[in-house]
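Undergrad: My questions all concern the structure below.
The values are calculated or read from the model by the stated rules, or taken from the named source; none is laboratory data. Computed from a predicted model, the values in this text were never measured in an experiment. Here the Cβ positions follow ideal geometry from the backbone for every residue, glycine too, while neighbour counts run over all protein chains shown. Please note that ligands, DNA and RNA were not included when accessible areas were found on the heavy atoms of the full protein model with its side chains. Shrake-Rupley method; radii C 1.70, N 1.55, O 1.52, S 1.80 Å.
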Amino acid sequence: MTERSDIVIVGGGVGGAALATTLARAGIAVLVLERTTVYPDLVRGEWIAPWGVCELQGLGLYEVVREAGGHHVSQHQSFEPGLSPESSALSKLDLSALLPGAPGPLCIRHPDLCQVLIDQAADAGATVRRGITDVRIDSAEQPVVTYRDAGATRQVSCRLIVGADGRGSPVRRQAGIELHRDPTHHLFGGMLVEGADAWPADLQVIGTVGDVHFLIFPQGNGRARLYLGYAAEQAKRFAGHGGAAAFLDAFRLSCLPGSEHLAAAQPAGPCNSYPNEDTWTDTLYAPGVLLLGDAAGSNDPIIGQGLSIALRDVGLVRDALLGNQTWSAGVFEAYATERRERMRRLRFSASVVSTLMNEFGPAADARRERVRERQMQNPSLVLPVMATLLGPHNIPAETFSDATRAQLFADAATVEP
């Protein structure tokens, strides 16, 4: 027999679960199909920018995430050899004062975030099915989803299929929507550690030294997510047996006071690396199908915008669905237009940060020093980076332009990626 639902959401991660919750609360019949039975540690997706915190609040999900262990960091500091607080506009920031109502970025372990959101969806009345395989969509006439559940083949017809099934999105592929991809600039490794109680729980740190770009995001109770950016040519640097130990050893940083507490911490999850690149689509919807979150294109993880992007997607899609009785393609045009521009701006920001922080050697060091001088002389040149905290939609459009790039990097020392 064919089941019926208003909406079938394929993917019960952050975006899919948050959308299911908001729609179910409004009385819409929602079915969520999730591949996993236990959310894995994906070694990313654990830092919500201040602007993303505002999106979370607007969805009515902030309090439950805080109760599930969401941890705010209120201070930012940059560390590099020879960098003083006076030499960079970004060296020290009070993150709690950037946006009204946002006490700073919110950090939480990704599996915990997914679980609390899918629980909220179920509590709101959405039907949630996990361990789902072999999802097939057909939207030629009326949208229909066929899938395997506990060995049985099931079918559900609906008004709309939402693809929230991540970067490799089968829904996107089956809908015939093309994904564009930038070349990989560098690699990014990450690991969750525990036992770092001596590290300040309210302090996030970013910096570049030697041949690594390092990032530290505390999660409270002695836990912190550590990241390292490094050259793509060093693909095996933190791989295999001994990779986690080598990763921790890389955090013995001469320019970073207290880094020995991180190097001595214990792994609390896998040590994985992945390529840093942007992907995007020119089309976010096909007949009967709509994409959101990473399925609709993902931002380079170097600037940590994935969760905030997904939450803003959810708010825009929710408003489009609840504000219209018919869900034709035109209903989603405002969402698609806004997202395309938002992702364009964030691609620009990610490119600037990658060039600044993830290129190494004497020439790159000289470039960083020159760019810092220019930012001190012209504070508007800090805006491409501040967009990652304040939100790209809150920054003037002209910031994300070739003219800004020229002001930042022209005549500065350059190196090949």
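Undergrad: Is segment 26-178 rounded, prolate or oblate when judged by the Cα gyration tensor, a ≥ b ≥ c being the square roots of its eigenvalues, rounded requiring a/c under 1.5 and prolate requiring a/b larger than b/c?
TA: Working: a/c = 2.60, a/b = 2.15, b/c = 1.21.
Note, shape of segment 26-178 comes out prolate.
Undergrad: For segment 221-285, I need the span (max minus min coordinate) of the C-alpha atoms along each principal axis, in Å, sorted largest to smallest.
TA: Ordered largest first, segment 221-285 gives principal extents of 48, 30, 25 Å.
Undergrad: At 1.002 mPa s and 20 °C, plugging the Kirkwood radius over alpha-carbon pairs of segment 214-336 into Stokes-Einstein gives what diffusion coefficient in µm²/s?
TA: On the way: Rh = 17.7 Å.
Calculated translational D: 121 µm²/s.
Undergrad: Taking only complete DSSP H runs, can you tell me which helices of the chain stretch 20 Å or more along their own long axis by Cα positions and average at least 0.5 on the Kyte-Doolittle scale?
TA: Long hydrophobic helices here: 306-322.
Undergrad: Among Q305, V317, A334, whose Cα projects farthest towards the positive end of the dipole of segment 291-367, with charges put on the beta-carbon of Lys, Arg (+1) and Asp, Glu (-1)?
TA: After comparing all options, I get A334.
Undergrad: Moving to a separate point now. Would you mind working out the magnitude of the charge dipole of segment 279-346 relative to its Cα centre, with +1 at each Lys and Arg C-beta and -1 at each Asp and Glu C-beta, to the nearest 20 Debye?
TA: I would put it at about 100 debye.
Undergrad: State the percentage of accessible surface on the chain attributable to carbon and sulfur atoms; use a 1.4 Å probe and exclude ligands, DNA and RNA.
TA: Values: 8350 of 16490 Å².
On the chain, the fraction of accessible area on carbon and sulfur atoms equals 51 percent.
Undergrad: Any idea which of T36, T21, T2 is furthest toward the positive side of the dipole for segment 1-88, if Lys and Arg beta-carbons carry +1 and Asp and Glu beta-carbons -1?
TA: Going by the charge dipole, the pick is T2.
Undergrad: What Kirkwood Rh does segment 1-87 have if only Cα atoms enter the pairwise 1/r average? Answer in Å.
TA: 16.2
Undergrad: Additional query: Mind listing the phi-derived Karplus ³J(HN,Hα) values for segment 131-142, rounded to whole Hz, using 6.51, -1.76 and 1.60 with θ = phi - 60°, and x for any glycine or proline?
TA: For segment 131-142, the Karplus-derived couplings read x, 7, 10, 6, 6, 10, 10, 9, 10, 4, 10, 10 Hz, x marking Gly and Pro.
Undergrad: In whole percent, what relative contact order does segment 220-304 give with Cα contacts below 8 Å and a gap of six or more residues? Spell out each step's value before the answer.
TA: On the way: 56 pairs, mean separation 17.5, N = 85.
Relative contact order, segment 220-304: 21 percent.
Undergrad: Considering the Cα trace of segment 106-248, what is its radius of gyration and what is Dmax, both in angstroms?
TA: Final numbers for Rg and Dmax: 20.8, 60 Å.
Undergrad: Something else about it: Label segment 132-196 by shape, choosing from rounded, prolate and oblate, from the square roots a ≥ b ≥ c of the eigenvalues of the Cα gyration tensor; if a/c is under 1.5 it is rounded, and otherwise prolate applies when a/b is larger than b/c, oblate when it is not.
TA: The shape class here is oblate.
Undergrad: Of all beta bridges DSSP finds with both residues in the chain, what is the antiparallel percent, to the nearest 5? Intermediate values should be presented prior to the final figure.
TA: Details: 48 of 71 bridges.
Counting DSSP beta bridges with both partners in the chain, the antiparallel share is about 70 percent.
Undergrad: Accessible area per residue of the chain at 1.4 Å probe, in Å²?
TA: 40
Undergrad: Sticking with this one: Just want to confirm a number: the relative contact order over segment 1-145, from Cα pairs under 8 angstrom separated by 6+ residues, in percent.
TA: Result for segment 1-145 is 34 percent.
Undergrad: For the chain, take the alpha-carbon Rg, divide it by the Kirkwood Rh, and send me Rg/Rh. Could the numbers behind the result be given before it?
TA: Working: Rg = 21.5 Å, Rh = 22.1 Å.
That ratio equals 0.97.
Undergrad: Could I ask something else about it? Please report the relative contact order for the chain, taking Cα pairs under 8 Å with a sequence separation of at least 6, and give it as a percent rounded to a whole number.
TA: Over the chain, the number comes to 20 percent.
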